[in-house]
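Taking it in order: structure first as structure tokens, then the write-up.
Every number in this text was worked out from the coordinates using simple rules, so none of it is lab data. What you are looking at is a predicted structure, and each value in this text was computed from that prediction instead of being measured. In this analysis, Cβ positions are derived from the backbone assuming ideal geometry, glycine residues included, and neighbour counts consider all displayed protein chains.
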Amino acid sequence: QVDPVVAPSCYPLPTGRRLAKKARPFLKWAGGKSRLIAEIVEFVPQDYERYVEPFLGGGATFFALAPKSAFLSDSNPELMNCYGIVRDHPDELLQLLKAMPVSKAKFNQTRTLDPLTLGPTERAARFIYLNKLCYNGLYRVNKKGRFNTPYGNYRDVKLADEEVVYAASDALQSAELVTADFEDNLLKHARPEDFIYLDPPYPPVGVYSDFKRYTREFFDTKDHVRLAKVIYELDRRCCRFVLSNAEHPLILELYSKFKIKYVQAPRFVNCKRDRRGNVSELLVTNL
């Protein structure tokens, strides 16, 4: 059960914000928030000291806001290694990507590689290669942690986009990167001067939904309840946050004490073409 007692909102809703036009995501990402940035930015305070994002994914919100200081984390070690290499070694990464041929045979061979047998830069190149060529950029693993999304059959794939990678590298210079579970990470590091944006794996809203298979430790109902408890604690500490999530009975119940805005988000990842299109999602906030 989540503690139903919620501290009063500590900060007023900010007025209009303008989006920073700088770096953009260098990864394709299922569930990415590029098309919802205008909705999210309505709730971004103007006076925060540090941007915190514990479910980094494709980083669309981070890149759009271009904060002066950021604490970015995710439980996916391959993802966070990739961000670290883009930040610190973009030249070497781009060289490796330019040497990798685009083909189904190469994709299948690369997918079978154990990333732990590779160096950090090779791991990052493998991650980007699979991300760009797999079906809809869907990062999915089995219970053994092995990447199992199939080949996407895309044309004109640009693996080594120098402009995008270098812009992302510049944006990440001000960011601390950590591989960690959200709970200990937030409770240890979050402070009232932060603005925290959370975009966890969504609970399934249909039989074809499959976003929980993000790491070998699936993100399920108990994790959503655990996240809600953390968010209630952050609110008690007067931390400012925005949470994106599905319009799902569990989510509506867990966050009923907060402000909830319904938004329409495009959905492209579904094995049934006629099930793609706009779906209702939620933005939950204490602002």
As computed over segment 121-199, the Cα convex hull volume per residue (Å³): 149 Å³
17 Å Cα-Cα reach of residue 68 towards aspartates and glutamates, excluding residues that sit fewer than 8 places from it in its own chain: 47, 49, 53, 170, 176, 193, 194
Calculated FRET value between residue 221 and residue 148, using beta carbons and R₀ = 22 Å, to 0.05: 0.45
Of 201, 117, 159, farthest towards positive along the dipole that unit charges on Lys, Arg, Asp, Glu beta carbons give segment 116-201: 117
Computed magnitude of the charge dipole of segment 80-203 (debye, nearest 20; Cβ of K, R +1, Cβ of D, E -1): 940 debye
Theoretical gain in end-to-end length, residue 105 to residue 22 [0.36 nm per residue, Cα-Cα removed]: 26.3 nm
Summed residue charge, Cβ within 13 Å of residue 193's Cβ, Lys/Arg positive, Asp/Glu negative: +2
Most to least packed among 152-159, 163-170 [average Cβ atoms within 10 Å]: 163-170, 152-159
Dipole magnitude of segment 27-146 about its Cα centre (Cβ charges: Lys, Arg +1; Asp, Glu -1), debye to nearest 20: 780 debye
Using distinct alpha-carbon pairs, which all enter the 1/r mean, Kirkwood radius of segment 11-145 in Å: 16.5 Å
Contour excess over end-to-end distance, with Cα ends at residue 89 and residue 162 and 0.36 nm allotted per residue: 25.0 nm
